[in-house]
Amino acid sequence: MAPDRRSIVFLMAVFAAGYLLSSLLRGITAALAPFFGREFGVSPAELGLLAGSYFFSFALLQLPMGMFLDRWGVRAVMVGSLSIAAISCLAFAAALSYPGLLWARLLSGIGVSACLIAPLTAARLWTPVPMQQRINSWMLMAGALGLVMGTLPSESIATAFGWRPLFAALGVLFAVVAVVIALRAPGHERSGAAGSGGLPASYGSIVRAPYTWKIGAVGLFNYAILVAVQTLWIGPWLTDVGGETVRGASIGLLAINGIMLVVFLVMGYLSPRIIRSPDDAEALLRRSMPLGIGVLAWIALLGPAAQWVHFAAFCVAAWPLSVTHPLVGQRFGPGEAGRALAFFNLLLFVGVFLWQWTFGLMVTALSGPYGTAAAYQLALAALALLSVVGYAAFLALPSGRPSRASAPTAARTQDGTAP
């Protein structure tokens, strides 16, 4: 039985706090890259690996997390994963070498691997379709606030007190959120909804569904490239190509993520009106994706002239990609929602890892023969071309929608109204 309206609001606020912290942890390497460079002498390729390792381990845990969500529920999964996130932050704070940072970063990806799919799975089970898009937008707003806090505020704290105390504080905050969820979230009886044949068998219906690969192409290419650029390479572009200071780049990142926070807030109010069904969400993707690809290619052409406002335009133009998570949940039945979201996240964050690391490798390899600015431009142009591949696959691949896709959960509160 779904919780009542008041409980849903409270729990979603707590989940949003966890997602805020996970987003802060995701994007903080862009603002703190100069600190790691000075202390550990990391190259662009090593920085890309450090940032991308979070997404690698995050992706690795998606399939188990989806199965765990469908079997044991949100509370057990969130408490366990957030506890690992707390430990990872403390390990990062104590790291004395680049390998130490890398291992702690890998652990952090494991710890936050359920911070988005768990709330979205709960929303799929407890709320009607239009409300799921609203919850998704507001969760992403919390994520944008986390990215804001991971820019100038984190850079300022690291400058004043050091980056190690900052990560230690994050570890404490993750632990607090885990305790609140353990005390307040409803329990979940094991239903066996995820199947009993182990991990491969439990995902059989997800992998066989053609729609998984149609929307998965968007996640692997378009959405992953947006996240890869936003959470790492904007900062180095502003300093290495645009000539900004570290503080100036932090201010630019703050402005970009502040703008996205407002976008997600506004769309949280509007989405139930403009996205009333999964078909509406798909139509929005078809119309909007070329604009985001075009802005990314424009930035690559601008080179040193591209500043934070141009990247802000790219992030805003690519906003409709955020409808993919609830869309995936809606196209599958409630008993498969956790696994469907987890498999989509696997493709998404494998893509983020690949594109963040590959971008850094390209910049490192091309800087010698072509110069730093041209290396960044060529790497970004390659990402724009990959975005075209994702869009073409989304248009060309068949839907083959699961038979239960059009039966959205219409959870109600005790008084019979939608929460």
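Hey, among V246, V263, which residue is open to solvent by 20 Å² or more (accessible area, probe 1.4 Å), touching a Phe, Trp or Tyr at 6+ places or on another chain (Cβ under 6 Å) and either within 21 Å of L147 (Cα to Cα) or acidic (D, E) (or both)?
Numbers: V246 fails: touching a Phe, Trp or Tyr at 6+ places or on another chain (Cβ under 6 Å).
On inspection, the qualifying residue turns out to be V263.
I need a count of the residues in segment 331-346 that are within 19 Å of the chain's Cα centre (by Cα) and open to solvent by less than 30 Å² (accessible area, probe 1.4 Å). So that I can check it myself, show each step before the final result.
So in segment 331-346, the residues within 19 Å of the chain's Cα centre (by Cα) come out as 337-346.
Checking which are open to solvent by less than 30 Å² (accessible area, probe 1.4 Å) leaves us with 337-345.
Final tally of qualifying residues: 9.
Which numbered condition in (1) open to solvent by 20 Å² or more (accessible area, probe 1.4 Å); (2) of a type outside the set (K, R); (3) at pLDDT 85 or above; (4) more than 23 Å from T151 (Cβ to Cβ) is the only one that L11 fails?
Of the numbered conditions (1) open to solvent by 20 Å² or more (accessible area, probe 1.4 Å); (2) of a type outside the set (K, R); (3) at pLDDT 85 or above; (4) more than 23 Å from T151 (Cβ to Cβ), the odd one out for L11 is (1).
Could you run through segment 346-371 and say how many residues are modelled with pLDDT under 85 and polar (S, T, N, Q)?
0
Check V148, V172 and return the single one that is among the β-branched types (V, I, T), within 24 Å of I251 (Cα to Cα), part of a helix (DSSP H, G or I) and touching a helix residue (DSSP H, G or I) at 6+ places or on another chain (Cβ under 8 Å).
Numbers: V172 fails: within 24 Å of I251 (Cα to Cα).
Residue meeting the stated conditions: V148.
Looking only at segment 121-141, count how many residues are surrounded by 24 or more Cβ atoms within 10 Å (Cβ to Cβ), under 14 Å from the mean Cα position of the chain (by Cα) and among the aliphatic types (A, V, I, L, M).
Selection size over segment 121-141: 2.
List the number of the failed condition for I110; all other conditions in (1) over 16 Å from the mean Cα position of the chain (by Cα); (2) open to solvent by 20 Å² or more (accessible area, probe 1.4 Å) hold.
Going through the list (1) over 16 Å from the mean Cα position of the chain (by Cα); (2) open to solvent by 20 Å² or more (accessible area, probe 1.4 Å), I110 breaks only (1).
For segment 290-309, does any single residue satisfy the condition of being under 30 Å from P128 (Cβ atoms), assigned to a helix (DSSP H, G or I), touching a residue at least 24 places away in the same chain (Cβ under 8 Å) and open to solvent by 10 Å² or more (accessible area, probe 1.4 Å)? Before you say what the answer is, go through the steps one by one.
Pass one, segment 290-309, residues under 30 Å from P128 (Cβ atoms): 291-292.
Going one step further and asking which of them are assigned to a helix (DSSP H, G or I), we end up with 291-292.
If we keep only those that are touching a residue at least 24 places away in the same chain (Cβ under 8 Å) as well, we get 291-292.
From the residues that got through so far, the ones that are open to solvent by 10 Å² or more (accessible area, probe 1.4 Å) too are 291.
Yes, that holds for at least one residue.
Take A144 and decide whether it is of a type outside the set (V, I, T), modelled with pLDDT of 90 or more and either within 25 Å of the chain's Cα centre (by Cα) or within 21 Å of L346 (Cα to Cα) (or both). Break it down stepwise before answering.
Numbers: of a type outside the set (V, I, T): yes; modelled with pLDDT of 90 or more: no; either within 25 Å of the chain's Cα centre (by Cα) or within 21 Å of L346 (Cα to Cα) (or both): yes.
Judged against the criteria, A144 is not a match.
Quick check on my filter: what residues within segment 20-61 are of a type in the set (K, R) and surrounded by 20 or more Cβ atoms within 10 Å (Cβ to Cβ)? Can you show your working first?
Step one: filter segment 20-61 for residues of a type in the set (K, R), giving 26, 38.
Within segment 20-61, R26 is the sole residue that qualifies.
Select from segment 167-188 the residues that are closer than 23 Å to M149 by Cα, open to solvent by less than 20 Å² (accessible area, probe 1.4 Å) and over 22 Å from the mean Cα position of the chain (by Cα) and list them in ascending order. Walk me through how you get there before you give the answer.
Residues of segment 167-188 closer than 23 Å to M149 by Cα: 167-181.
From what is left, the residues that are open to solvent by less than 20 Å² (accessible area, probe 1.4 Å) are 167, 170-171, 174, 177-178, 181.
Result: no residue meets the conditions.
Within segment 119-170, how many residues are of a type in the set (V, I, T) and in contact with a Ser or Thr (Cβ under 6 Å, 6 or more places away or on another chain)? Can you show your working first?
Residues of segment 119-170 that are of a type in the set (V, I, T), as a first pass: 121, 127, 129, 135, 148, 151, 157, 159.
Next cut, in contact with a Ser or Thr (Cβ under 6 Å, 6 or more places away or on another chain) only: 151.
Residues that pass the stated criteria total 1.
Tell me the residue from G252, G243 that is in a loop (DSSP other than H, G, I, E, B), in contact (Cβ under 8 Å) with a residue 12 or more places away in the chain and not polar (S, T, N, Q), please.
Numbers: G252 fails: in a loop (DSSP other than H, G, I, E, B).
So the residue among G252, G243 that is in a loop (DSSP other than H, G, I, E, B), in contact (Cβ under 8 Å) with a residue 12 or more places away in the chain and not polar (S, T, N, Q) is G243.
Between a first residue in segment 347-372 that is part of a helix (DSSP H, G or I) and open to solvent by 50 Å² or more (accessible area, probe 1.4 Å) and a second residue that is of a type in the set (V, I, T) and modelled with pLDDT of 90 or more, which pairs have beta carbons less than 7 Å apart while being 6 or more apart in sequence or on different chains?
T372/V241
Give the residue, chosen from A17, A91, A95, A76, that is open to solvent by 30 Å² or more (accessible area, probe 1.4 Å) and without any contact (Cβ under 8 Å) to a residue 24 or more places away in the chain. Full working, then the answer.
Details: A17 fails: without any contact (Cβ under 8 Å) to a residue 24 or more places away in the chain; A95 fails: open to solvent by 30 Å² or more (accessible area, probe 1.4 Å); A76 fails: without any contact (Cβ under 8 Å) to a residue 24 or more places away in the chain.
The conditions single out A91.
For segment 268-283, which residues satisfy the criterion of being touching a residue at least 24 places away in the same chain (Cβ under 8 Å) and either farther than 26 Å from M131 by Cβ or open to solvent by less than 30 Å² (accessible area, probe 1.4 Å) (or both)?
Matches in segment 268-283: G268, S271, P272, I275, P278, A281, E282.
The values are calculated or read from the model by the stated rules, or taken from the named source; none is laboratory data. All figures in this text were calculated on a predicted structure; none of them were measured in a lab. Reconstructed Cβ throughout: ideal geometry from the backbone, glycine too, with neighbour counts over all protein chains shown. Remember, those area values only see protein heavy atoms, side chains included, never the ligands or the DNA or RNA. Shrake-Rupley method; radii C 1.70, N 1.55, O 1.52, S 1.80 Å.
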